[in-house]
Every structure is written in C-alpha cells, then in structure tokens.
Amino acid sequence: MKEIVCKLLVIGAGPGGYICAIRAGQLGVDTVIVEAVKAGGTCLNIGCIPSKALIHAAEEFEKVSHMAGAKSPLGISVEGPKLDLTKTVAWKDGIVGRLNSGVLGLLRKAKVKIVHGRATFRDGKTVEVETETGTQVIRAETVVIATGSEPVELPSLPFGGPVISSTEALSLKAVPQKLVVVGGGYIGLELGIAFAKMGSAVTVVEATPQLLPQYDAELVKPVVKRLGELGVRVVTGAKARGLSGETLLIETTEGEERLAADKILVTVGRKPRTEGWGLDELDLDRAGKFLRIDERCRTSMRGVHAIGDITGEPMLAHRAMAQGEMVAEIVAGKKRTWDKRCIPAVCFTDPEIVTAGFSPDEARAQGFEIRVGQFPFNANGRAMTTLSEDGFVRVVARADTNLILGIQAVGAGVSELSSTFALAIEMGARLEDVAATIHAHPTRSEGFQEAALKALGHALHI
Ligand code: FAD
C-alpha cells in the first residue's frame, strides 16, 4: 500500500476544492487533491457550464425559429431552422473538456499532487483512495472536505428509465417531445425553458403555490409571462405521485391528473454528499444534513475544514470558490475570516433574475426602515433596441443613511450586472454613489442608476 504524507489534503476537485488547492499550492503549501470523477466537479462537468451552454444553444435556436416565416419585427426571415441535439451536446462536451484540462493544468502549475479515485476516511486526518494502480493512503495535517452535493431523488420517482436528473438532461440524444419537469426551482426552470425553446412540450409541476419560491412574486412575474409565450404549462400546488404506466400521476388542488411524458426531469433540490465514504463515522457536527462550519470554515474537528455545497446554502459555485480561497490562505498562515456582505445569485431563466443582498421584505424583517427605487426596462433604450423590455432593476436602501442593502433585477442579460450589484454592496455604496456614477449609454446598467435616482426621488427617465 502506497502512502503520501502532506500538509493539506483537499477531498473533491469541484470549484471549492480546486480553488482551495490551487491557492494553497501558490502559497507554497504541500497539497494533495483527490477527485473521484472529474476535476471541476458538478459545476464544470454537470452543472453551471454545461447548462449554460445548452441554454445558449436553445436561445439561439429559438431566436432563429422566431424569425422563420418572417415573424421577426427586425425584418429578418429564415427558412426551416433545425436543431441536431447530438451536435449541440458534442459542442457542450468540448467546452467542458477544455475547461477540465484547464483546471488540471492550473493544479499542476501550482504543484498540487492530483490523486484520481474515491477517498474514504480512516480517521479525521487519513484517507484511503482506490486508484487504478492500487490503494493509496494519504495522511495530512489539515483536511478540507469539498465533496459537494448530488440531486435529491423522490422515493415515488426513482431515477432510471424516463425519470432523469439534471445530469442526464444535459446529455440527451434527442429533444423529448413531451417533457415534464418536477420541481420549479432554478435548475428545473433553466432546463425546462431551454427544452421548450428546442421544441419540447414542457409542463412544470411545482409543489408550492409559486414557481421559484425563493424569490418574491414581482421578480418571478416576467419569467411566468415568458413561460406562457413559450407554451410551457405550469401546475403549481401539485405533487408528483409516481409513474402509472406510461404517464406521470400528479395530485393537484383539483384532484389527480395523468401527464404523458417521454422524459420526467426531477429537480427537487440537492443534498450534501456525506454518505458512503466514512464521513459519518467522524461524527462531525451537522446543521441539518449539512456540515456545520464557523466563519473560518472549520468543522467541529480540529484541522478539518469544509467548503462548498456540503456546508449548505446558498449552494453556488462562486460561494464554494470564495470559501476555498479563504481556507487555503488560513492553512498558509494568513488571518482570514468569512465576512462577505453578500453573495450574488443568478437564475439563468428567460428573462434572467439577479439578487444581491436583501429584498425589501428581508430588509424590513431585519428591522430596517427602507426606501426602494425601481426602474422598468421598458423605459430603457438598450432594452428596446434588443427587443427585451420586460423586467426591472430594484434598489433597496436604508431610509436614514441611503446605504444600499440589496439590489434585484429581472430582465434579459442581467446576469452580467450581478457583480456590479455585489460590488456596490461590498463597498458600502449609498444611493448617491450609484446615482453619481456615470453609466455608459445605451446600456441596461443605466437601469441601476435610474433605480437609485428613483429611490432618491428624482429619476430622470420615468
Ligand atoms: P462539487 O462541484 O459538487 O464538487 C465536488 C467534487 O467532489 C465532485 O467532483 C465529486 O466527484 C468529488 N467527490 C465527492 N466525493 C468524493 C470522495 N469521497 N472522494 C473524492 N472525490 C469526491 N452554481 C452557480 O453558482 N451558478 C450556476 O449557474 C449553477 N448552475 C447549476 C446548474 C446545475 C444543473 C447544477 C446541478 C448545479 C448548478 N450550480 C450552479 C451549483 C454548483 O454546481 C455548485 O454549487 C458547485 O458545483 C459546488 O461546488 P463544490 O466544490 O462544493 O462541489
């Protein structure tokens, strides 16, 4: 049995783990990273990147299809657009492959030792890895658990046959004629909209009364409108009960219904990957199903940190990366704590939704007196010239000091505003700072400036 002794062992090479290992390597920490499947983790291989590739392809196809038969007000007409999903998936796989090699290259450049195989804990500082060449034992002074999350399976609809998770949805060989999406959160809607644009007849079944229940209704409204335009049927307040022959049985507020479907995409959440690899035996403190961590991402065991999805919400790649970078610096002896004011979140639906900091309701619940400014994109020149006037930017600020507490937006392309919003909150910007910043014209970002002006009582374009 081969044995490696190192200063830092990172388990899992998703965005949390690989960033942690790269930064530790850059700082001269003797680092080993173990990965069971593929470097880049969920995000790069079966999450953020492939889903955004598919969403883009679907958008392009829908744009062209919309122009077919001279329906486009732009005066463009095309004939008979076709989509070959196998080629789309191959293109997506090519991007994933390039990024995957890039991550491996960056790890090597930072002198991180990469071990391929599944790690199993022997004790808090030792793991065993079954590699292609035999069992490898790795002992470390500090361990970082970065094993991420996996899709939740419904007992009534186990994965297999027509029932698929987001992973299989990203590599289908053909566009399903009838697709039912069970779970109207961001993953289900992003993929559901993409398949609707590619030609599937899509039904979304959501248990709560509203799609995207984590957002306020005003933000979700433009997405619901677009779903209607795309012919997506939405059944809220409904639960999937299981397969009945060739159909999916759902229970709605009006009784039972059977839905015909070629594929049933179940996106009802993700759970931390804690089982089956000796983690349970370490008996680390939990926060629900997730590992409990402090502001330095330390678990309840000395020298064992945890980062990313395994530590809970928000389960987002950029949070995992920020935690990974911080932990690497702590291991290298730097003084760091988690004092982020905000983690922006983007929902890549059509239109997109961005949130950073508090919504009006959240700010009020925190006890703040607030002022709110909202600017609609139908008063924005750039939005008009790109045929995408739905949505708005909303700024929430303290009523006494005008300190910005939160920013939300829904609209085409607003994902690119997410970092501007986060920067404003991180830098402690006030409404006056945003109002006084000259925003380039014509851009959608002017909506942010106008929303701040509106909150101050003197918007210029509404
Ligand atoms: P993961 O990325 O899950 O990586 C964990 C790694 O650990 C995996 O590679 C796994 O193989 C490995 N591993 C597990 N157990 C072991 C073991 N015992 N030994 C060795 N290796 C092990 N987030 C965003 O911010 N933006 C998005 O647009 C976005 N879109 C998404 C779309 C989809 C369809 C999905 C499913 C997720 C999306 N996410 C998005 C979420 C994002 O992918 C996760 O938040 C992120 O990947 C979490 O990173 P992580 O490092 O914690 O874990």
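Taking only C-alpha pairs under 8 Å that are 6+ residues apart, what is the relative contact order of the range 330-462 in percent? Write out the running numbers ahead of the final one.
Numbers: 274 pairs, mean separation 36.9, N = 133.
It comes to 28 percent, rounded to a whole number.
Given contacts defined as C-alpha pairs under 8 Å and at least six residues apart, what's the relative contact order of the chain, whole-number percent? Present the calculation step by step, with values, prior to reporting the outcome.
Values: 1018 pairs, mean separation 68.4, N = 462.
Computed value for the chain: 15 percent relative contact order.
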### Summary
Along the dipole axis of the chain (charges at Cβ: +1 for Lys and Arg, -1 for Asp and Glu; origin at the Cα centre), the most positive-end residue among Val137, Val96, Pro272 is Val137
### Query
For the range 172-265, rounded, prolate or oblate, judged on the Cα gyration tensor with a ≥ b ≥ c (square roots of eigenvalues), a/c < 1.5 rounded, else prolate if a/b > b/c?
oblate
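Averaging the inverse of every distinct alpha carbon separation and then flipping it gives the Kirkwood radius. What is it for the chain, in angstrom units?
24.0 Å
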#### Entry: Cα-Cα over 26 Å, subset of Lys87/Lys221; Lys63/Lys178; Lys109/Lys173; Lys71/Lys239; Lys197/Lys454; Lys113/Lys271
Lys87/Lys221; Lys109/Lys173; Lys71/Lys239; Lys197/Lys454; Lys113/Lys271
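With a ≥ b ≥ c the root eigenvalues of the C-alpha gyration tensor of the range 255-378, is it rounded (a/c under 1.5), prolate (a/b larger than b/c) or oblate?
Note, shape of the range 255-378 comes out oblate.
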#### Entry: Sites excluded, GluC sites (Glu not before Pro) in DSSP loops with at most 12 other C-beta within 10 Å, longest stretch of the chain
133-245
### Task
Using the 4.7 Å Cβ rule, please list in number order the cysteines from the chain without any candidate partner.
Cys6, Cys20, Cys297, Cys342, Cys347
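Restricting attention to the range 253-340, which chymotrypsin sites (Phe, Trp or Tyr not before Pro) occupy a DSSP loop and are surrounded by at most 15 other Cβ atoms within 10 Å?
On the way: sites: Trp277, Phe290, Trp338; in loops: Trp277, Trp338.
Counting only loop positions with at most 15 other Cβ atoms within 10 Å, the chymotrypsin sites (Phe, Trp or Tyr not before Pro) in the range 253-340 are Trp338.
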### Efficiency of FRET from Cβ geometry, Glu251 and Lys109, R₀ 41 Å, rounded to 0.05
0.15
### Query
If one puts a single equal scatterer on every Cα of the range 345-456 and applies the Debye formula without solvent, what log₁₀ I(q)/I(0) results at q = 0.10, 0.15 Å⁻¹?
-0.25, -0.56
### Task
Show which aspartates and glutamates lie in cross-link reach of Lys334 when reach means a straight Cα distance below 12 angstrom and same-chain residues fewer than eight apart are skipped.
Glu325
### Query
Rounded to the nearest 500 deg cm²/dmol, what is the calculated helix-only ellipticity per residue at 222 nm for the chain, with -39500 (n - 2.57) per DSSP H run of length n ≥ 4?
-9500 deg cm²/dmol
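With a cut-off of at most 15 other beta carbons within 10 Å, and DSSP calling the residue loop, which trypsin sites (Lys or Arg not before Pro) in the range 147-202 qualify? Please list them. Walk me through the intermediate numbers first.
On the way: sites: Lys173, Lys178, Lys197; in loops: Lys173.
Filter output for the range 147-202: Lys173.
All of the numbers you see were taken from the coordinates with simple rules; none came from a lab. In this text, all values refer to a predicted model and were calculated from it rather than measured experimentally. Positions of Cβ are generated from backbone atoms using ideal geometry, with glycine treated the same way; all protein chains shown enter the neighbour counts.
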